[in-house]
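The values are calculated or read from the model by the stated rules, or taken from the named source; none is laboratory data. Remember, predicted model here, so these are calculated numbers, not experimental data. Note that each Cβ is placed from the backbone with ideal geometry, even for glycine, and that neighbours are counted across all protein chains shown. Protein only, heavy atoms only, side chains kept; ligands, DNA and RNA dropped before computing areas. Shrake-Rupley method; radii C 1.70, N 1.55, O 1.52, S 1.80 Å.
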Amino acid sequence: MTDDLSVNANIGQPDLKQRKGISPIWILPIVALLIAGWLIYKSVVDAGIKVVMTFATAQGIEKGKTRVMFRGMPIGLVQSLTINKDFNGVDVQVEFVKSARSLLTKGAKFWMVEPRISAQGITGLETILRGNYIALQPGKGEEAFQFTALSEPPPMTSTEPGLQIQLTAGNQGSLDTGSMVYFKGIEVGKIERCALGKDNNVAIDVFIQKEYAHLLKKSSRFYSVSGITLEGGLSGFKIRTEALSALVKGGIAFFTPGDGKGFKDARNGDVFPLFENRDAALQVGSRVTPEKIESGEGLQITVEAERAGSLKPGDPVYFRQIKVGKVTQCRLSPDAASALVDLDIERYYAPLVRTDSKFWKASGINMSFGLFSGAQVKTESLEAMLAGGVAFATPENQPAKVESTHKERGVELNEYGTEKKMPAKKSSKPSFPSGMTVKKGARFILHDKPEDAWLAWRPIILLAK
């Protein structure tokens, strides 16, 4: 028994040692905690941007389906719809992707895109397959998260480089946003907006493409080409329209007097009047300097008269009853003491005009009576008698002398006592014009009727090649 006690006495107390470090049992919870923390961090960092838009109605908007699109890319999704507190609209909460933050400014505009039928055509057809969506037009300003959506698409504003101008008109007519702008039948721009401006006039914002901006000068004139212009006369009927698309969409066109030479280029913000048609744009008071007239490649001259009479732009200019040019403009002189008529003589016939040429009105009928010769009716041509026009003649080196008897004038009387023309006598020497050629801008007097001597002039003049 003594031995047992000694043995028990030799048995010491257990040696307890504290283990250092983390117990393996905690590794799994810690890893789970780290993953959860990372997920929370990512959800906060990558969280979408919450935006509230107020629409008049919720028609066409579906939770979790309707998207916000920008340049064909989805950047947001509708999360919820609620009626606002004032019961005058629907608040739509949209979550945008983080990268769209820079687009959410006070100047941004939102609207619902859905199929629309108008004079400009059918738009929004893509929504038939993928449903309605909310479109975004970026703007400027501070960051914003509350917007009021537009009831219809905003005016189109081009992001391309070009020229922004404005036209003023008495009424809008058939013009609308998207209508085209034409120059010599070529589409060079478009209408971005039509709205009421100052003095209840219609303000039309126009965009001209960059490659065509140089065609627009401060003297350019705009006119409406919506519809068809029908002109009739002795030479037939003419139907004129700038382009077939203008019949449906409406449109405007412009031209620059004198091909724009000598005028300054138009700048952003310039304002132009919009004329009802091309003829109205050519009339008096169109703000163009006297030296500048609409023309082609011919000779541009001006004739001055006490009054313009029935002359109008487009009337022909005759030489020996052959059309050699046209009237381009009728206007008042700077002191309003006379009427100025601008003429454009075709380049081929330009040598016919000399410093001593005589011009007269070819419209109307000149009648004379004689005791033995009876009545004589003179007119440049039947077309000129009704449609109007200008005629001119150029004197010979030795002007023909007006004789007193009918035989000396180269005519004889027939059995009825009226004059009949005798064969012209051939001259042994050619008769050349006595005057010198003229330059662009030359001015002449426009007479009401010709003198007999002018009609007898027969100079030899070589035409241009």
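Heavy atoms of the protein chains alone define the surface here; on that basis segment 28-99 has 67 Å² accessible area per residue at 1.4 Å probe size. The listed peptides 331-339, 60-68, ordered by packing as a protection proxy, come out as 60-68, 331-339 (highest mean of other Cβ atoms within 10 Å first). Efficiency by 1/(1 + (r/R0)^6): what FRET value for residue 93 and residue 201, r their Cβ-Cβ distance, R0 = 56 Å, to the nearest 0.05? Result of the calculation: an efficiency of 0.85.
Each label was represented as a point 7 Å from its Cα along the Cα-to-Cβ direction; for residue 465 and residue 439 these points are 2.4 nm apart. Label-to-label distance, residue 193 versus residue 63, with points set 7 angstrom from Cα along the beta-carbon direction: 3.7 nm. Using a simple spin-label model with pseudo-atoms 7 Å out from Cα toward Cβ, residue 432 and residue 42 lie 9.8 nm apart. Compared with the direct C-alpha span, the chain from residue 277 to residue 323 gains 14.0 nm at full extension, assuming 0.36 nm per residue.
What pairs in 42/109; 198/264; 323/449; 264/326; 358/439 have C-alpha atoms more than 20 Å from each other? 42/109; 198/264; 264/326, as the Cα separations exceed 20 Å there. Peptides 177-188, 433-444, 342-353 ordered by packing proxy, namely the average of other Cβ atoms within 10 Å per residue, highest first: 342-353, 177-188, 433-444.
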